[in-house]
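Novice: Provided herewith is a single structure, encoded as structure tokens, for subsequent inquiry.
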Amino acid sequence: VVAFLLTVWWSLKEPGGRDGAPSVGVVWERFPKFVLGFVAASCLFSFLLTPQQAADARDPLGALRTLWFAVAFVAIGLETRFAELVGMQGGRPALAFLGGQAVNVVWTLLLAYLLFGGVLVAVPAFD
């Protein structure tokens, strides 16, 4: 629902899109199709497969998930044009990207320190 609403909202923000509701074609073109795949897979594993079948599929699907995530991130990186990001809207998209990455790096380092070498390692385990 959120993906659909965001798609409609972004379609309305296009020049000339505020005159009326965006066409079905525009919404379909902008809608992230992976959401439909996620909903289909969720329904399949929730309603059509037995718990044993779902458990048996976990390891092979986990390996595929790792592979496809890696391929997706490489593809995103290859398609990103940083020169365009810097030139758009006074560089605001580039600053948003760099700011988000900085927050992610700091947050990840803090959590890794707490989990693997900091405070939480010193807590005794309870059996």
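Novice: Condition first: in a helix (DSSP H, G or I), within 23 Å of VAL8 (Cβ to Cβ), without any contact (Cβ under 8 Å) to a residue 60 or more places away in the chain and small (Gly, Ala, Ser). Can you find one or more residues in region 44-63 that meet it?
Specialist: No, because not a single residue in region 44-63 is in a helix (DSSP H, G or I), within 23 Å of VAL8 (Cβ to Cβ), without any contact (Cβ under 8 Å) to a residue 60 or more places away in the chain and small (Gly, Ala, Ser).
Novice: Name the single residue that is modelled with the lowest pLDDT among those in region 5-19 being part of a loop (DSSP other than H, G, I, E, B) and not acidic (Asp, Glu).
Specialist: GLY16
The values are calculated or read from the model by the stated rules, or taken from the named source; none is laboratory data. Since this is a predicted model, take the numbers as computed values, not measurements. No Cβ is skipped: glycine too gets one built from the backbone with ideal geometry, and neighbour counts run over all protein chains shown.
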